[in-house]
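The values are calculated or read from the model by the stated rules, or taken from the named source; none is laboratory data. What you see is a predicted model; the values in this text were computed from it and never measured. Virtual Cβ from ideal backbone geometry, glycine too; neighbours counted across all protein chains shown. The accessibility values were calculated without ligands, DNA or RNA, using every heavy atom of the protein model including side chains. Shrake-Rupley method; radii C 1.70, N 1.55, O 1.52, S 1.80 Å.
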Amino acid sequence: MKIVIAGGRNKAKFLIESLQKKSHHLIVIHPDQSYCDNLASDYQIPIIYGEPTKKYVLEDADIQGADVLIALTANDADNFIICQMAQKLFFVKKVVCVVTNPGNVEIFKNLGVHTVISATYMVAKLIEQSSTIENLIQSLSIEDGKVTINEITVTEQYPVVNQKISQIPFPKDMIISCVIRQTCLLIPNGETILKSGDTLIFVSIAKIQDEVFSIITGGKK
């Protein structure tokens, strides 16, 4: 598949490394020249320097008719703009908008974005496992909003830092499915100790996701 990755740093590298193993045709767009140079030295794929919210940059990247575009910038609104342009102007078959604010998931979906998700590692794994676009669309659908997938990065101030997962009083209807530590992917168990800087991917029923965030952050916003 022809897959476009727009923005992101560690997340972009994680996706590149995961997707290259499946021999997908990758195109990366990033607004930082030095980071583009770094990527170009590590990967033999097209690396386009420029702001992916600009139409002419997407044109230069030749994303027309791509199978998938994944918007990974740190700004949810920018990711929305990128996905909208990819869909409407370049006829990309599937767009995935990665967000940091879970409140934007339903908003962006209602505005027409195919898939809005906050679990970057799942995007990579689902694309790897999907032989067709139809399979990808089906895999990324979460029925009726009953189950949510969320992402949160642990900071030094959070009470879960340096705690084993088994020691944290999480509710029963959730699971931490993945820990991203720098560029490493960890599949956790009860003995896994959470560190500052870890990105946690957790799956829960919708009604307890706020409780889970509160436990992780200690109620900090």
### Task
Would you check if residue 86 is crowded, with 18+ Cβ neighbours inside 10 Å and either basic (Lys, Arg) or in a helix (DSSP H, G or I) (or both)?
yes
### Query
Would you say residue 58 is at pLDDT 95 or above, farther than 17 Å from residue 117 by Cβ and open to solvent by less than 60 Å² (accessible area, probe 1.4 Å)?
yes
### Query
What residue, among those in segment 36-68 that are part of a loop (DSSP other than H, G, I, E, B) and acidic (Asp, Glu), is farthest from residue 92 (Cα to Cα)?
51
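Among the residues of segment 209-221, count how many are open to solvent by 20 Å² or more (accessible area, probe 1.4 Å) and either in contact with a strand residue (DSSP E or B) (Cβ under 7 Å, 6 or more places away or on another chain) or closer than 16 Å to residue 154 by Cβ (or both).
8
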#### Entry: Condition broken by residue 184, with the remaining ones in (1) under 18 Å from the mean Cα position of the chain (by Cα); (2) in contact (Cβ under 8 Å) with a residue 12 or more places away in the chain; (3) open to solvent by 70 Å² or more (accessible area, probe 1.4 Å) satisfied
(2)
### Message
Taking the condition of being under 16 Å from residue 163 (Cα atoms) and of a type in the set (Gly, Ala, Ser), how many residues in segment 192-220 meet it?
### Response
4
### Summary
Taking segment 143-175 and keeping residues of a type in the set (A, V, I, L, M, F, W, C) and either within 18 Å of residue 100 (Cβ to Cβ) or open to solvent by 70 Å² or more (accessible area, probe 1.4 Å) (or both) leaves 149, 152, 154, 175
